[in-house]
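K.L.:
Starting off with a structure, shown below.
The values are calculated or read from the model by the stated rules, or taken from the named source; none is laboratory data. None of these values were measured; they are calculated from a predicted model. Counting neighbours? That spans all protein chains shown, and the Cβs are built from the backbone with ideal geometry, glycine included.
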Amino acid sequence: MEKTFLMIKPDAVQRNLIGEIVKRFEQKGFKLLAAKLMTIPEATAKNHYAEHKDKPFFGDLVSFITSGPVFAMVWQGENVIETSRTMMGKTNPQAAAVGTIRGDFGMVTHRNIIHGSDSLESAEREIQLFFAPEEIQNYTKDIDNWLS
Ligand code: RTP
Ligand code: MG
């Protein structure tokens, strides 16, 4: 089953949005396989955003993403990579639809609340960059067995 890497960025951690954002992916039906609050080392941030290394905003992006704790996660589910990007909304929160995470909580592109992998290749690369294999859980859910 498909997996993706999602990361609640420092702005959203500071604004107490971790629970609200996790709730949306849980309620959609995706399964949480890994999560941790962490401050990203600068080298990891540069590696993570390597595709943007020649862009004018690269320095500010690395400074922002390393400026405080992020909440890094691995989620699993059918078509989770594309669907979670839809749930996040467009990169610029002012263009993101109301009802999406960025559309509901973001104001500006450089503080846009959440990151999500944009392809199968980036999901595999980013999961490996942020999590050791033993940090990723493999489990089934059977809710009826846990109600009483
Ligand atoms: P992300 O990688 O963080 O999930 O965001 P994304 O795919 O929607 O957007 P991407 O093009 O990959 O850009 C990565 C992050 O760089 C910042 N950015 N700033 N000042 C600018 O024009 C600009 N463009 C992008 C944003 O924080 C964006 O999320
Ligand atoms: Mg991106």
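K.L.:
I'd like to check which helices (runs of 4 or more DSSP H) are fully inside region 37-95 and have at least 3 residues that are of a type in the set (Ser, Thr, Tyr). Show your work before the answer.
P.N.:
Values: elements: 42-48, 58-65, 80-88.
It comes to 80-88.
K.L.:
For region 102-124, enumerate the residues that are crowded, with 16+ Cβ neighbours inside 10 Å, more than 9 Å from ligand 1 (Cβ to nearest atom) and more than 20 Å from PRO69 (Cα to Cα).
P.N.:
Once the filter is applied, which keeps residues that are crowded, with 16+ Cβ neighbours inside 10 Å, more than 9 Å from ligand 1 (Cβ to nearest atom) and more than 20 Å from PRO69 (Cα to Cα), region 102-124 yields GLY103, ASP104, ALA123.
K.L.:
Hey, could you check region 65-101 for residues that are hydrophobic (A, V, I, L, M, F, W, C), buried (at least 20 other Cβ atoms within 10 Å of the Cβ) and more than 19 Å from LEU32 (Cα to Cα) and say which is farthest from the chain's Cα centre (by Cα)?
P.N.:
Filtering first and then ranking leaves ALA96.
K.L.:
Scanning for something modelled with pLDDT of 95 or more, part of a helix (DSSP H, G or I) and of a type in the set (Ser, Thr, Tyr), does region 96-112 turn up at least one residue? Explain how you work it out, then say what you get.
P.N.:
From region 96-112, those modelled with pLDDT of 95 or more are 96-112; that's our starting set.
Applying the additional criterion that residues be part of a helix (DSSP H, G or I) yields 101-105.
Now restrict to residues that are of a type in the set (Ser, Thr, Tyr): none.
The answer is no; no qualifying residue exists.
K.L.:
Still on this structure, I have one more. Within region 43-53, how many residues are exposed (fewer than 12 other Cβ atoms within 10 Å of the Cβ) and away from ligand 1 (no atom under 13 Å from the Cβ)?
P.N.:
Residues in region 43-53 being exposed (fewer than 12 other Cβ atoms within 10 Å of the Cβ) and away from ligand 1 (no atom under 13 Å from the Cβ): 1 in total.
K.L.:
If LEU32 meets every condition in (1) part of a strand (DSSP E or B); (2) under 14 Å from MET88 (Cα atoms) apart from one, which number is that one?
P.N.:
(2)
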